[in-house]
1. Along each principal axis of its Cα atoms, how long is segment 95-224 end to end? Whole angstroms, biggest number first, please.
2. What's the FRET efficiency of residue 159 with residue 231 using the Cβ-Cβ distance as r and R₀ = 35 Å, to the nearest 0.05?
3. Can you give the charge dipole size of segment 169-246 about its Cα centre, rounded to the nearest 20 debye, using +1 on the beta carbon of Lys and Arg and -1 on the beta carbon of Asp and Glu?
4. Give the relative contact order (percent, whole number) for segment 11-141; include only Cα pairs under 8 Å separated by 6+ residues.
5. When N counts the residues of the chain, how does its alpha-carbon radius of gyration compare numerically with 2.2 N^0.38 Å, as a ratio?
6. In segment 1-135, what percentage of the DSSP-assigned beta bridges are antiparallel, given to the nearest 5?
7. Quick one: compute a quarter of the convex hull surface over the Cα atoms of segment 16-89 and quote it in nm².
8. Would you look at the GNM of the chain, springs on alpha carbons closer than 10 Å, and say which of 106, 134, 44 moves the most?
Amino acid sequence: MQTACLIVIGNEILSGRTQDANIAWLAKELNECGVRLMEVRVIPDIEETIIHTVNACRPQFTTLFTTGGIGPTHDDITSAAIAKAFGLPLTRHPEAERRLLAHYKPEQINAARMKMADMPQGAALIDNPVSIAPGFVIGNVYVMAGVPSIMQAMFASIRHQLKGGAKMLSRTISVYITEGTIAAGLSAIQNDFPEVEIGSYPFVRGTRLGTSLVARATDAGKLAAASAKIKTMLLALTDEVLEEDLAN
C-alpha cells in the first residue's frame, strides 16, 4: 500500500482566518492515484516545528506533501526549514530564478520575489502554471503552495510521478436510525470483514437524525459482500434505506 501524509503549514489556518480547502481535494486525487492519505498535520509558521514535523513524518510514509509558506513574505519560511530538515544548504535554483526573471518586468524584480527561487540544494522543481513561482521536491517530500488553485495546478504537474497501488473503493448507505441502535450489528459485520474499513457517521437532515455507514476497500468483491450484509441488517430495522455509491 502506498501511503501519504500532508503537512498544512500556516498560522492563518490555525487562527481560523483561512479555511483549508486542500485536504479533501488532495485526499480524493491521491485515492485516484492509488495512494492513501493516512495522516494530516496542521502546524504554524515556526521553523523548529516545521523541521521536527517533516523529519518525524517523512520516514513513516511513502510520500509527504506540504502546503503553504513558499511565497515572498517574511513568514514564508517553509523552504528554508525543509533545507534544514534535510541538512542541506538553501541555494538559489538556477531554473527557478530564470523563470521568475522572465515572468516579472525588471521594475517588479526585488529580493522578496527572488526569494521564491531559493530551495534546498539538489531539489527538483514542481511546475506552477498559475503564478510561475515553482514548488519543489526533495527526497520523498513534495513542497507546494497553499493557495488551492496553485496547489492543484502543481499537483497536476507531478501526478504522473506517484506510483500507487490499488484504488480505494467505497459505498455509502444512509439510514434514519441513530448509531446506538446499529452499533452491535455493525461491529459484528466489521469482524466478519476485516479487510473492509467500515465507518459510522451521524447526521441531521431537517429535524431527523440518521447515520451514514461508509464501507471502503480495494477489493470490489469484499466491498460488495460487506455492503450487502450492512444493508440486510438495516432493512431488518427499517424500510427507509438510502444507498449511494461513491468513487472514494
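Each reported figure results from applying straightforward, stated rules to the coordinates on display, with no laboratory input. A quick note: this is a predicted structure, and the numbers were derived from the prediction, not measured. We place every Cβ from the backbone using ideal geometry, glycine too, and count neighbours over all the protein chains shown.
1. Taking max minus min along each principal axis of the Cα atoms, segment 95-224 gives 68, 37, 19 Å.
2. Numbers: r = 35 Å, r/R0 = 1.00.
Once rounded, the FRET efficiency stands at 0.50.
3. Working: 7 positive and 10 negative charges, 23 e Å.
With only Lys, Arg, Asp and Glu charged at Cβ, the dipole is about 100 debye.
4. Numbers: 149 pairs, mean separation 26.4, N = 131.
Value for segment 11-141: 20 percent.
5. Working: Rg = 22.1 Å, N = 248, 2.2 N^0.38 = 17.9 Å.
Cα-based Rg divided by the globular estimate yields 1.24.
6. Details: 4 of 17 bridges.
Approximately 25 percent, going by the DSSP bridge assignments.
7. So the Cα hull casts an average projection of 5.8 nm².
8. 106
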